[in-house]
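There's a structure below that I have some questions on.
Values in this text are rule-based calculations from the coordinates and carry no lab data. Every value quoted in this text rests on a predicted model; they were computed, and no experiment measured them. Neighbour counts run over all protein chains shown; Cβ positions are idealised from the backbone, glycine included.
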Amino acid sequence: MKQVYGDEVMEVVQSLKIPSRRQFLRVNTLKITPEGLVNAFLSQGIELHRFDQICEAVFTHVEGPLAVPVAQKRIVVDKFTAESVLQGAHVYAPGVLKCSRLKRGDYVTVTDVHSQVVGAGVMRMSETEILTLRRGLAVEVTSPMYRALSLRETEEYEQGLFYPQSLPAIVTSRILAPSPGETIIDMNCSPGGKLSHISQLMQNAGRVVGVDRNMKKIEIARRNIQRLGCTNVTLISHDARYLDVDYPSLRADKCLVDPPCSALGLSPKLYVDLSESSIKNLADYQKQFLNAASRITKSGGRIVYSVCTITEQECEEVARFGVEELGLEIAEQKPYLGVVGLKSFGAEASLLQRFDPRKHGIGYFIAHFRKR
């Protein structure tokens, strides 16, 4: 990260420790208009705000930082649980790492393994119950440091009227610009956010193929596209790096490559335990997906590469691989709501799009290619 942000790296690290101040939702226009969803939540006392640059994007404000009372007793939780509690989630038994001498009804401070306070609440299980049962509500968090709405628990979510999604993720599918009648391949489709957005933008006309090697992830994507009413999607459980070999007749007008990454741009991120070698291995892995996409995309077709991270290895260097090794052309991005790529990329860095955690509440990278 230091090679990307230089002397400002600690400022970026600190910005990643807090949630984005805006919680974005993508309105599913296959089922409801943006105005309809805004009004549906407003009738329940929940205020959604329209995002002017993208019609299907709406957001709520995240409250905080809030004062967290200091308790005499503490409970230590894992990284995922701590980052969830920070935004208002409760603590469940599997996320507990240490809970010495605690009993039901105790008021406790919740911390991560580095003693960073993320919230406070009331014990709903004893130490013995947590360690023996390993399931159930352990702490009802009453005082999180930040408070985001739990919109996944609403009837509107169950009805498929919206999908919780970051702004850069919404932008990514918009840049791909899928049109009715096209064949679009999502090389890394689970959990189905961008996949369903692509289907939505195509108005369920044309063909969308979602690929993931993990059958459990395919089932997650299937549940989401069914809930959202996406009827033009075919799901394939396969390693997308070998699509061109194992599905030689499959050809795409456009491909989305959104591969596994270090996720260093996601917030809140209380700490990181990734090595340089892990990041290099991820970048090599990402290049394999881009390579396969270049082989199955028709001449003149488009490929969008996106990752929720900020390392040069996974961002500009993968884009450079696309140009220099695969013969792809860097193309203009619309909409463009972020900042330019790193100068090290060269003259076309202004055609790449980065999202800065300090400004946008998330670190993200997008490259748009045209296949010759």
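Would you mind pulling out the separation of the Cα centroids of the stretch 297-370 and the stretch 240-259, in Å?
Distance between centres, Cα-based: 20 Å.
State the dimensionless ratio Rg/Rh of the stretch 216-372 (Rg: radius of gyration of Cα atoms; Rh: Kirkwood radius).
Rg divided by Rh gives 0.97.
What percent of all Cα-Cα pairs in the stretch 1-109 falls in each 10 Å bin, counting up from 0?
Once binned at 10 Å, the Cα pair distances of the stretch 1-109 give 11, 27, 26, 25, 11, 0.
Please report, in whole Å, how far the alpha carbons of the stretch 111-267 spread along each principal axis, starting with the longest.
58, 32, 27
In the calculated pair distance distribution of the stretch 73-144, what percentage of Cα-Cα distances lie above 19 Å?
Percentage above 19 Å: 16.
Report the net charge of residues surrounding residue 82, where surrounding means a beta-carbon distance below 14 angstrom and charges are Lys +1, Arg +1, Asp -1, Glu -1.
It works out to a net charge of +1.
Between residue 140 and residue 113, take the C-beta separation as r, use R0 = 25 Å, and let me know the FRET efficiency to the nearest 0.05.
Here the calculated transfer efficiency is 0.70.
While we're looking at this one, here's another question. Longer than 18 Å from Cα to Cα, which of 280/343; 17/287; 31/217; 254/371 are they? Say none if no pair is.
Those over the limit are 280/343; 17/287; 31/217.
Compute the distance in nm between two label points, each set 7 Å from the Cα along the Cα-to-Cβ direction, one at residue 42 and one at residue 216.
4.2
Right, here's the next one. Counting Lys and Arg as +1 and Asp and Glu as -1, what is the net charge of the other residues whose Cβ lies under 14 Å from the Cβ of residue 193?
+4
What list of ³J(HN,Hα) couplings, whole Hz, do you get for the stretch 229-245 from phi and the Karplus terms 6.51, -1.76, 1.60, once you set θ to phi - 60° and write x for glycine and proline?
In residue order, the calculated couplings are x, 8, 9, 9, 10, 10, 10, 10, 8, 6, 6, 5, 5, 10, 4, 5, 7 Hz.
I need the helices of the chain that pass two filters: whole DSSP H segments spanning 18 Å or more by Cα along the axis, and mean Kyte-Doolittle score no lower than -1.0.
215-228, 276-296
Can you pull the Kirkwood radius for the chain, inverse mean 1/r over Cα pairs, to one decimal in Å?
In the chain this quantity evaluates to 21.9 Å.
Would you pull out the residues with amide H under 5 Å of residue 162's amide H, same chain only if 5 or more places away, H placed 1.01 Å from N?
28
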